[in-house]
């Protein structure tokens, strides 16, 4: 998760950080309720990223929601559509702000390695 391809094919360097603009508690409760309604979501984490584009654009920070899914997403059109629908549903629980937000699909092992930068928001019992 340290590099991410951008749509134009260029690479960006991702460095995990604490969420720079965490949502308020009421927003997090709405997000938790949406997560509990989505059977594939095993965990949701609040984290942040410092993105450094390789094309000379300035670095920027995002507040991210990292999701652990079961089953995980697999490359392909159906999975891409499922990803977009999931993000749209969850994203509607978050108010519009000027802060940048990101959605990450991770494994539990990936997010646990970033535990100093991530806060568990939701875990399916």
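For the range 14-40, taking the residues that are touching a helix residue (DSSP H, G or I) at 6+ places or on another chain (Cβ under 8 Å) and farther than 23 Å from residue 116 by Cβ, the one that is surrounded by the fewest Cβ atoms within 10 Å (Cβ to Cβ) is identified as 40.
In the range 85-117, what count of residues is obtained for those that are modelled with pLDDT of 80 or more, closer than 20 Å to residue 40 by Cα and touching a helix residue (DSSP H, G or I) at 6+ places or on another chain (Cβ under 9 Å)?
From the range 85-117, those modelled with pLDDT of 80 or more are 85-88, 90, 100-117; that's our starting set.
This time we only want the ones that are closer than 20 Å to residue 40 by Cα, so: 85-88, 90, 102-112.
Okay, now just the ones that are also touching a helix residue (DSSP H, G or I) at 6+ places or on another chain (Cβ under 9 Å), so 90, 103-105.
Of the residues in that region, 4 qualify.
Hey, any hits in the range 43-60 for a residue that's at positive phi and out of contact with any strand residue (DSSP E or B) (no Cβ under 7 Å at 6 or more places or on another chain)?
Applying the first criterion (at positive phi) to the range 43-60 yields 56.
From what's left, out of contact with any strand residue (DSSP E or B) (no Cβ under 7 Å at 6 or more places or on another chain): 56.
The answer is yes, given that some residue of the range 43-60 is at positive phi and out of contact with any strand residue (DSSP E or B) (no Cβ under 7 Å at 6 or more places or on another chain).
Reported count of residues in the range 41-50, each being out of contact with any helix residue (DSSP H, G or I) (no Cβ under 7 Å at 6 or more places or on another chain) and either surrounded by 20 or more Cβ atoms within 10 Å (Cβ to Cβ) or outside any strand (DSSP E or B) (or both), is 4. Reported count of residues in the range 61-84, each being exposed (fewer than 12 other Cβ atoms within 10 Å of the Cβ) and touching a strand residue (DSSP E or B) at 6+ places or on another chain (Cβ under 9 Å), is 1. Only one entry of 47, 33, 37 meets the criterion of being more than 14 Å from the chain's Cα centre (by Cα), modelled with pLDDT of 90 or more and under 24 Å from residue 80 (Cβ atoms), and that entry is 37. Entry remark, the range 85-107: residues being surrounded by 14 or more Cβ atoms within 10 Å (Cβ to Cβ) and part of a helix (DSSP H, G or I) number 4 in total. Does any residue of the range 91-100 turn out to be touching a residue at least 24 places away in the same chain (Cβ under 8 Å) and within 21 Å of residue 14 (Cα to Cα)? Yes, the conditions are met somewhere in the range 91-100. Tallying residues that are part of a loop (DSSP other than H, G, I, E, B) and touching a helix residue (DSSP H, G or I) at 6+ places or on another chain (Cβ under 8 Å) within the range 57-84 yields 1. Within the range 1-30, the set of residues being farther than 16 Å from residue 64 by Cβ, part of a loop (DSSP other than H, G, I, E, B) and at pLDDT 90 or above comprises just one member, 24.
The values are calculated or read from the model by the stated rules, or taken from the named source; none is laboratory data. What you are looking at is a predicted structure, and each value in this text was computed from that prediction instead of being measured. Methodologically, a virtual Cβ is constructed for each residue, glycine included, from the backbone with ideal geometry; neighbour enumeration extends over all protein chains shown.
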